[in-house]
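A short write-up of the structure that comes next.
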Amino acid sequence: MNGAGRRPRPISSRSSSGETVIELRGVSTTYEGERTPALHGIDMSVRRGEFVAIVGPNGAGKTTLLEVVLGLLPLSSGRGSVLGCDLARERYAIRRRMGYVIQNFELDPLAPFLARDVVMMGFAGSLGPLRYPSVHDREAAVEALSRVGMSMMADRPAGKLSGGEFQRLLLARALATDPDIILLDEPFANLDASARASVGSVVDRVNQAGATVLMVSHDLHAIPSRCARAVLMDRGRIVLDGTMEAVLSSREIDELYGGCCH
Amino acid sequence: MWLPPALMITAVAGAVLAGFTCSVMGVFVVRMNLSSIGFAMSHAAFAGAAFGIMIGSDPLPMALLASFLVALVIGPVSHIAGLRPEIVLGFLFSLLIALGFLFLHMVPGEATSGAALRILWGSIFGVSRYEVVALGALSAVVVVFVALFNKEIAAMMFHRKLAEASGIDTQAFLTAILFMTGFSVALSLKLVGGLLVYALMINPTSTVYQFTFDFRKMVIGSPIIGMTTCLAGFWASLLWDLPVGTAIVLVSAIVLAGAIVASPKRRRG
């Protein structure tokens, strides 16, 4: 079906305006110690304010793509820029302007971190060494907790939160610094329906407020309604890139998801 | 037991400062899952000190050198051998202990056997004034490091990849932490001995861990417990004529066991 070396099929024009904030051209990356590239020749542009879902089966390279955009993985070929900064040379400058919600992980229930401390950690990178959070930063952290509906849980141990609460806490951490781009890696994994709806509505509001959102999701049904564009990946390549409706109704997605996405 | 005041002051200062530095570094080592690396570094310090005694040199620089070498080679060795770092560390534990004993076995003459035993079992009265001064300087460096970079350290302790993704150069901080851990281990070697020194890092941190969800309280509480148990162990060794290192480790282990039993965190919802 989607043979190696094939270019992604553009399936409809996108309504996007504003400057390009993510630009990848022929990007490939290979994990240390591996021979096969995890991403092959990725071409992708994202404009300011877009909400893009990156979908595909397990092992498609969705998380790897986010890690490349964050500058966590080196490019073995191609070039890329994020927010006008070169991916190869200005990784730390890029990271300080992005919010990242990592795939849900198990935190030790006895871990010595209160929820409000976790949100304040969002400032550790953006402030840089030898600078400390201001009163304004602390207010922004309180505001971020409020945006995800967790104001009352600021003093609760992070390890004692439920899966949905912890996911919203990580989202608050990413939002606290008011980043230009938010990267979400499987934000709905292991969440029940009400927690999904809660996290989804927060992400919707964040995008409505102007932030560019890139969201990796294996689960097509969980993608929030505001998301207008989808990028379908398989085996480290972009297979389709177009509107949400067009990607969801495509032949390729039926093949990759075994026809269970409709 | 009557001891000259100068000797007592040096011994007490050594116990307090070793308890301080090891237990502060222990907070980072435990939370960042660096226990295996720290453990290997303490074994390396033991082997290095033994080598120093064997060649008739000062054991301290050799202990430092050996622990840093281990920290530096773990990554490349695991990469070249295609093995996970834990496997390489497991191999290094036994190799370093074997080398340490080999070097001690090869120490020439009877006169140096006391020095060899001191690094094996620890001898608080063998701690010199310059070692106490070095421990004091290291304590000051650790305090400044934590005061200046607490937000970066806390972020790394929560989740290293998230910290890296937020713009923190985690490798630089990790290297600094490993170097300070190596210094703490090597300088505390004479206090409790090469086989027990690692307990000075793990036990106080694990004790405080049972009582607080606040990272700041851990960083403050761990050295308080570390210094207190070192002093209590020292006092117990004088009282019951026990080896100092053994007494310190036993006291800290008893305190940790009590903390686990009494831990309110395990009951809190």
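The values are calculated or read from the model by the stated rules, or taken from the named source; none is laboratory data. Computed from a predicted structure; not experimentally measured. Ideal geometry is used to build each Cβ from the backbone, glycine not excepted, and the neighbour counts take in all protein chains shown. Heads up: the accessible areas ignore ligands, DNA and RNA and are worked out on the full protein's heavy atoms, side chains in. Shrake-Rupley method; radii C 1.70, N 1.55, O 1.52, S 1.80 Å.
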Seminar exercise, completed: For A:Ser77, the residues 5 or more places away or on another chain with a placed amide H closer than 5 Å to its own amide H are A:Ser28
Exercise. For segment B:5-195, what does the alpha-carbon gyration tensor say about shape, rounded, prolate or oblate, given a ≥ b ≥ c as the root eigenvalues, a/c under 1.5 as rounded, and a/b over b/c as prolate?
Worked result: oblate
Exercise. How about segment A:102-125: which of its residues lose at least 20 Å² of accessible area in the presence of all protein chains relative to their chain isolated, using a 1.4 Å probe?
Worked result: A:Ile102, A:Phe105, A:Leu107, A:Asp108, A:Leu110, A:Pro112, A:Phe113, A:Leu114, A:Asp117, A:Met121, A:Ala124, A:Gly125
Problem set entry | If the convex hull is drawn through the Cα atoms of the protein assembly as shown, its volume per residue in Å³ | 159 Å³
For this session: Take the Cβ-Cβ distance between A:Glu19 and A:Val142 as r, set R0 to 22 Å, and report the resulting FRET efficiency rounded to the nearest 0.05.
Result: 0.10
Seminar exercise, completed: Which of B:Ala186, B:Ala66, B:Ala236 fluctuates most in a GNM of chain B (C-alpha springs under 10 Å)? That residue is B:Ala236
Seminar exercise, completed: Once Lys and Arg are counted +1 and Asp and Glu -1 for all other residues with Cβ under 14 Å from that of B:Ser206, the total becomes +2
For this session: Please list the non-local residues whose amide H lies under 5 Å from the amide H of A:Ala53, H modeled 1.01 Å from N, same-chain partners needing a gap of 5 or more.
Result: A:Met215, A:Arg229, A:Ala230, A:Val231
Exercise. With chain B treated as a Gaussian network of Cα nodes joined by springs under 10 Å, which of B:Ser42, B:Ser139, B:Ser57 yields the largest mean-square fluctuation?
Worked result: B:Ser57
Exercise. Which part of segment A:107-146 falls in the paramagnetic zone of B:Ala176, meaning amide N under 20 Å from the point 7 Å along Cα-to-beta-carbon?
Worked result: A:120-134
Exercise. Contour minus end-to-end for B:Trp240 and B:Phe101, with contour as 0.36 nm per residue of separation and end-to-end as the Cα-Cα distance?
Worked result: 47.2 nm
Problem set entry | Global form of segment A:98-179, assessed from the alpha-carbon gyration tensor, a/c cut-off 1.5 | prolate
Exercise. What accessible area, summed over both chains, is buried at the B-A interface (1.4 Å probe, Å², nearest 100)?
Worked result: 3100 Å²
For this session: Pick out, from A:Thr64, A:Val46, A:Ser77, the residue whose Cα sits farthest towards the positive end of the charge dipole of segment A:30-84, with +1 on the Cβ of Lys and Arg and -1 on the Cβ of Asp and Glu.
Result: A:Val46
For this session: Please identify the helices of chain B, taking whole runs of DSSP H, that span at least 20 Å along their own axis as judged from the Cα atoms and have a mean Kyte-Doolittle score of -0.5 or higher.
Result: B:5-31, B:35-54, B:59-81, B:85-105, B:129-158, B:170-192, B:215-240, B:244-262
Exercise. Considering amide H positions built from the backbone, and no H for Pro or chain starts, which residues 5 or more places from A:Leu114, or on another chain, come under 5 Å of its amide H?
Worked result: A:Ala158, B:Phe215
Problem set entry | Sites A:Leu130 and B:Glu86 - FRET efficiency at Förster radius 51 Å, r taken between beta-carbons, to 0.05 | 0.90
Seminar exercise, completed: Hydrodynamic calc, chain A: Kirkwood Rh from Cα pairs, then Stokes-Einstein at 20 °C with viscosity 1.002 mPa s, so D in µm² s⁻¹ is 113 µm²/s
Exercise. Pairs B:Lys151/B:Lys190; B:Lys161/B:Lys265; A:Lys160/B:Lys217: which exceed 23 Å Cα-Cα?
Worked result: B:Lys151/B:Lys190; B:Lys161/B:Lys265
Seminar exercise, completed: On the accessible surface of chain B, probed at 1.4 Å with all protein chains in place, carbon and sulfur together account for a percent value of 75 percent
